[in-house]
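Nothing in this text is a laboratory measurement; each read-out follows from the coordinates by a stated rule. Nothing here was measured: the structure is a model prediction, and the numbers come from that model. Heads up, the Cβs are rebuilt from the backbone with ideal geometry, glycines too, and the neighbour counts pull from every protein chain shown.
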Amino acid sequence: MDTTRSEPSAANLRSHNACPLLPLTLIADLRTDHAGETGAVMIYRGILAATRDVGVRRFAHAHLSTEARHLAEIEPLLSRQQRSRLLPLWRVAGWLTGALPARVGPRAVYATIEAVETFVDRHYAEQIESIDLHDPSRTHPPLQVLRALLEGCRSDEVAHRDEAASLFAVGGQLPSLALRVWVRCVGMGSRLAVKICRRI
C-alpha cells in the first residue's frame, strides 16, 4: 500500500549538500539502494508483463508505484559515477525475478515478493544502524535526513512483505519443493547483488 510520507525527502537531503559529507560506506549503501530500487521497479514490470490475474495485477500496480517513488527519492542522491555500472544487469535480473513466478501463478509471485522484502527489510535496517553508529547523538542533519528517508522506505517494504505473506497464506497449502528452492535462490541472489553493488 502506497502512503504519502511527511519525512524529509531527497530534496531536503540535497539541500543539506549531504552527499559530499556522507561517509564512503554510506555512499556504497546508497549505490546498493539505488540498484535495488531499480530492480524492484523491474520486478513489478515483469509481473505485469507475465500475468493476467486481476488480483496479482492490482498488487503489482500498487507496489510498482511505491518502488518508483523510492527510486525517484534515492536516484538524485548519487551522481552517475556513483551508481552501479551494472544497472542493465539488475534491470534484467529484476524483470526475470518478477516474470518467472508470475508465469507459475499468484502464490509464486507472493512468495517471491515476501522473500525479496524480507531481505530488503534487513538491508535497510543495517544501514540505519550504520547511520546511528556514525551519528549516535543524532545531531548531523544530512545523516538524520537520510535516516528518515531509509526508515520510510523500510516501512513501505515491510508492508509489502506482510501483504505478500498474507496473500500467500490464503491458499493454505505448504510451498512446493520447487518454490522453496526458488525462494532460497532469490534470497541468495539478493545478498550477492548487494555485495557486487558495493564495489561495481
Rounded FRET efficiency, nearest 0.05, which uses the C-beta distance separating residue 25 from residue 162 and R0 of 22 Å: 0.15
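When the helices in the chain are scored as -39500 (n - 2.57) per DSSP H run of 4 or longer and the sum is shared across all residues, what 222 nm value do you end up with, to the nearest 500 deg cm²/dmol? Could the numbers behind the result be given before it?
On the way: 8 runs with 155 residues, N = 200.
It comes out at -26500 deg cm²/dmol, rounded to the nearest 500.
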Please give the Cα centre distance for region 30-47 versus region 125-164, rounded to the nearest Å. 18 Å
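If packing is taken as the mean number of other Cβ atoms within 10 Å per residue, what is the order of 110-117, 147-154, 176-183, highest first? Each step should come with its number before you reach the end.
Details: 110-117: 24.5, 147-154: 21.0, 176-183: 14.0.
The most tightly packed comes first, giving 110-117, 147-154, 176-183.
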Here, region 17-197 modelled as identical Cα point scatterers in vacuum has Debye log10 I(q)/I(0) at q = 0.15, 0.17, 0.18, 0.20 Å⁻¹ of -0.83, -1.03, -1.14, -1.35
For residue 86 and residue 129, calculate 0.36 nm times their separation in residues minus their Cα-Cα distance, and state this gained length in nm to one decimal. 12.8 nm
In vacuum, with every alpha carbon of region 45-85 counted as one equal point scatterer, what does the Debye formula give for log10 I(q)/I(0) at q = 0.18, 0.23 Å⁻¹? Two decimals, please. -0.61, -0.74
With a/c under 1.5 counting as rounded, go ahead and sort region 147-187 into rounded, prolate or oblate using the C-alpha gyration tensor (a ≥ b ≥ c being the square roots of the eigenvalues; past the cut-off, prolate if a/b is larger than b/c, else oblate). oblate
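Computed over the Cα atoms, what is the radius of gyration of region 104-188 divided by 2.2 N^0.38 Å, N being its residue count? Could the numbers behind the result be given before it?
Working: Rg = 16.3 Å, N = 85, 2.2 N^0.38 = 11.9 Å.
Here the answer is 1.37, to two decimals.
I'm a student and want to see the number: the projected area of the Cα convex hull of region 44-141, averaged over all directions, in nm².
Numbers: hull surface 30.3 nm².
Dividing the Cα hull surface by four gives the mean projection, 7.6 nm².
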